[in-house]
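Some notes on the structure that comes next.
The values are calculated or read from the model by the stated rules, or taken from the named source; none is laboratory data. Note that the coordinates shown come from a computational prediction; the quantities given were computed from them, not determined experimentally. Quick reminder, even Gly has a Cβ in these numbers, built from the backbone with ideal geometry, and neighbours come from all protein chains shown. SASA here: full protein model, heavy atoms, side chains in, ligands and nucleic acids out. Shrake-Rupley method; radii C 1.70, N 1.55, O 1.52, S 1.80 Å.
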Amino acid sequence: MPFDTDNLQPDLDAFREACRVRGIKATPQRLEIFREVAESRDHPDAEAVFRGVQARLPTVSLDTVYRTLKMLTELGFIATLGPRQESLRFDANKEPHHHYVCVKCGKIQDVTSNLLDVESVERFVSSFGSVQTAQIEVRGLCNTCASHEAANRSVSVVSHQASGKT
């Protein structure tokens with residue numbers, strides 16, 4: 001089941017409660033930072049979260065965004081994704097899923113597959129220990145980038161052939 005960004009209220013309530021239990025203030029800035037990540041399908045990095053939140057809360061600082069993202073990760077409300085060009089990406093989708101990452105443009109797509117669930121992966125790593133979660137990151141060239149590369153190769157071949165005739 002895909003992450004339901006239309007019904008974010010239960011997650012916001014759970015975040016407020018987690019903050020209350022730990023004696024952390026659930027400030028408007030923290031709530032908006034969580035909302036920005038949760039409503040995004042693009043797996044944003046901290047700077048993208050900052051820009052999105054700043055559009056609604058102009059006084060929010062980049063430092064607040066970084067500290068809140070770290071706190072949200074530690075509380076289990078979001079997960080970090082592998083480094084891409086030295087920036088960490090964030091994901092609030094808590095449903096079991098994996099990721100396809102384009103090595104050229106960096107676009108990240110969610111992938112759901114029963115073949116890659118915890119029980120399936122556990123068979124392969126049981127000699128290392130138990131598996132609590134399984135999140136696989138597949139890297140490749142997305143269709144858009146592959147199309148652009150194919151078009152560029154075609155232009156390059158035609159250009160090369162044309163220059164050889166003169």
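Per residue, what accessible area does the chain have, given a 1.4 Å probe and all protein chains present, in Å²?
Result: 64 Å² of accessible area for each residue.
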Response to the item:
Place a point 7 Å from the Cα of Leu141 in the direction of its beta carbon; the residues of segment 91-125 whose amide N falls under 20 Å from it are 100-109
Worksheet entry | Highest-fluctuation residue, Ala150, Ala134, Ala14 considered, GNM on the chain with Cα pairs under 10 Å | Ala150
Response to the item:
GNM on the chain, Cα springs under 10 Å; top mean-square fluctuation among Lys70, Lys25, Lys94 goes to Lys25
Discussion item. To test your reading of the geometry: what angle, between 0 and 90 degrees and rounded to tens, separates the Cα axis of helix 143-165 from the longest principal axis of the chain?
Written reply: 20 degrees
Discussion item. Among [x] 58, 48, 30; [y] 76, 49, 28; [z] 48, 31, 30, only one was calculated for this model; which label is it, if the read-out is Cα extents along the principal axes in Å?
Written reply: [y]
Practice prompt. Quick one: Debye curve from the alpha-carbon atoms of segment 46-108 only, equal weights, vacuum; give me log10 I(q)/I(0) at q = 0.16 Å⁻¹ to two decimals.
Written response: -0.60
Response to the item:
Counting Lys and Arg as +1 and Asp and Glu as -1 over every other residue whose Cβ sits under 11 Å from the Cβ of Ile78, the net charge comes to -1
Worksheet item: Can you give the angle from 0 to 90° between the axis of helix 28-39 and the longest principal axis of the chain, with both taken from C-alpha atoms, to the nearest 10?
Response: 40 degrees
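Kindly provide the helix-only [θ] at 222 nm of the chain, computed as the sum of -39,500 (n - 2.57) over DSSP H runs of four or more divided by all residues, to the nearest 500 deg cm²/dmol?
So the helix-based figure for the chain works out to -15500 deg cm²/dmol.
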Discussion item. Test of understanding: extend the Cα→C-beta vector of Arg22 to 7 Å, then name every residue of segment 58-79 with backbone N under 16 Å from that spot.
Written reply: 64-79
Worksheet item: Which residue, Pro96, Pro58, Pro44, tops the fluctuation ranking in a GNM of the chain built on C-alpha contacts under 10 Å?
Response: Pro58
Item to complete: Mind pulling the angle between the C-alpha long axis of helix 62-74 and the longest principal axis of the chain? Nearest 10 degrees, somewhere in 0 to 90.
Response: 80 degrees
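Please work out whether segment 4-75 counts as rounded, prolate or oblate from its C-alpha gyration tensor, where a ≥ b ≥ c are the square roots of the eigenvalues and a/c under 1.5 means rounded, while otherwise a/b larger than b/c means prolate and anything else oblate?
Numbers: a/c = 1.66, a/b = 1.20, b/c = 1.38.
Oblate, since a/c reaches 1.5 and b/c is not below a/b.
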